[in-house]
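Accompanying notes for the structure given below.
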Amino acid sequence: MFKKREKDIPEERKQALFSKIRPIIAKELAIEENQIVPASKIGEDLVADSLDVIEIIMSLEEEFNIEILDADAEKMKTVEDIVLYLAERVNE
C-alpha cells in the first residue's frame, strides 16, 4: 500500500506510533482505547463514518504536524495502515 514494506519498519517504531494514535482515534470515535487494535478496520470494526474519518485525519495532521492527502487517506482502511503511513512520513 505504501512505499515502505511493513517488515522494513522496526516493531518498536510501529508500537510507538500505535500508542500515539490509539487515544486520538478513541477520542474521535468516543470509544474505549482497548477496542482499537492494529488490525481494526476503521469503517467496519470501529464503525467510523466518513465524517469520523475526516476528524481522525485532521487530528493526526495536527498531532504530527503533517498534511495527509485525500488520496492517501482513502487508502487507509485499518489502524495499521495509518501506522505504516505515519512511519514513512513522520520523523521522531
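Compared with the dominant Cα axis of the chain, that is its longest principal axis, helix 50-64 is turned about 40°. Close amide-amide hydrogen proximity is noted between residue 46 and 41, each under 5 Å apart and 5 or more residues distant or on a separate chain (H modeled in the peptide plane; Pro and chain starts excluded). Extension gain for the segment residue 58 to residue 91, taken as residue separation times 0.36 nm less the Cα-Cα distance, is 10.0 nm to one decimal.
Taking Cα atoms only, the orientation of helix 11-29 departs from the longest principal axis of the chain by about 20 degrees. For the stretch 38-45, putting each phi into the Karplus relation 6.51 cos²θ - 1.76 cosθ + 1.60 with θ = phi - 60° gives couplings of x, 7, 4, 7, 4, x, 8, 5 Hz, in residue order, rounded to whole numbers and with x for Gly and Pro.
Can you tell which of 36, 21, 66 shows the greatest fluctuation in a Gaussian network model of the chain with Cα springs below 10 Å? Among 36, 21, 66, the largest mean-square fluctuation in the Gaussian network model of the chain belongs to 66. Considering all C-alpha pairs of the chain, those separated by over 20 Å amount to 27%.
Counting every other Cβ atom within 10 Å of each residue's Cβ, 70, 45 order from fewest to most as 70, 45. Of the residues 32, 80, 12, the one that moves most in a GNM of the chain with alpha-carbon contacts below 10 Å is 12. Normalising the average separation of contacting C-alpha pairs (under 8 angstrom, six or more residues apart) by the number of residues puts the relative contact order of the chain at 41 percent.
Values in this text are rule-based calculations from the coordinates and carry no lab data. As the structure is a computational prediction, the values presented were derived from the model and not from experiment. Don't worry about glycine lacking a Cβ; one is built from the backbone with ideal geometry, like all the others, and counts go over all protein chains shown.
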